[in-house]
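*Asks:* The structure follows.
The values are calculated or read from the model by the stated rules, or taken from the named source; none is laboratory data. This one's a predicted model, so the numbers in the text were calculated from it and none came from an experiment. Here Cβ is always computed from backbone atoms with ideal geometry, including for glycine, and neighbour counts include all displayed protein chains. What goes into the accessible areas is simple: the full protein's heavy atoms, side chains included, and nothing from ligands, DNA or RNA. Shrake-Rupley method; radii C 1.70, N 1.55, O 1.52, S 1.80 Å.
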Amino acid sequence: MEMVTRMVADRPVVIFSRTTCCMSHTIKTLISGFGANPTVYELDEVPYGGQIERALQQMGCKPSVPVVFIGQQLIGGPNQVMSLQVKNQLVPLLISA
């Protein structure tokens with residue numbers, strides 16, 4: 001979990017993703033569509049991707065990708081992100097980060 005904490009430190013928006021995951025693509029497109037420039041870690045391309053994925057699972061992220069952090073806070077997976085979008089709370093979070 002320490003590795004994940006270091007990866008999200010000092011970055012306003014971070015997405016942990018897989019290049020082959022369609023939901024990851026959808027979440028990246030949604031967040032980028034609001035003008036955010038997220039840091040994206042493709043776990044199937046970065047060193048220690050498997051360890052990072054296990055750490056995300058230990059943090060309660062199921063499925064393990066996509067996982068979104070905004071302002072160093074764990075938002076969660078696609079269900080949580082879409083819930084924030086439906087409630088019109090996603091954009092204010094992105095702006096404040």
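*Asks:* Given the condition touching a Phe, Trp or Tyr at 6+ places or on another chain (Cβ under 7 Å), at pLDDT 95 or above and under 12 Å from Ser17 (Cβ atoms), answer yes or no: does some residue in the stretch 38-45 qualify?
*Replies:* Scanning the stretch 38-45, I find at least one residue that is touching a Phe, Trp or Tyr at 6+ places or on another chain (Cβ under 7 Å), at pLDDT 95 or above and under 12 Å from Ser17 (Cβ atoms), so the answer is yes.
*Asks:* Scan the stretch 73-97 for residues that are in a loop (DSSP other than H, G, I, E, B) and either modelled with pLDDT of 95 or more or under 20 Å from Cys22 (Cα atoms) (or both) and jot them down.
*Replies:* Gly77, Lys87, Asn88, Gln89
*Asks:* Here's something else I'd like to know. For the stretch 75-90, what are the residues that are in contact with a strand residue (DSSP E or B) (Cβ under 9 Å, 6 or more places away or on another chain) and open to solvent by 70 Å² or more (accessible area, probe 1.4 Å)?
*Replies:* Gln80
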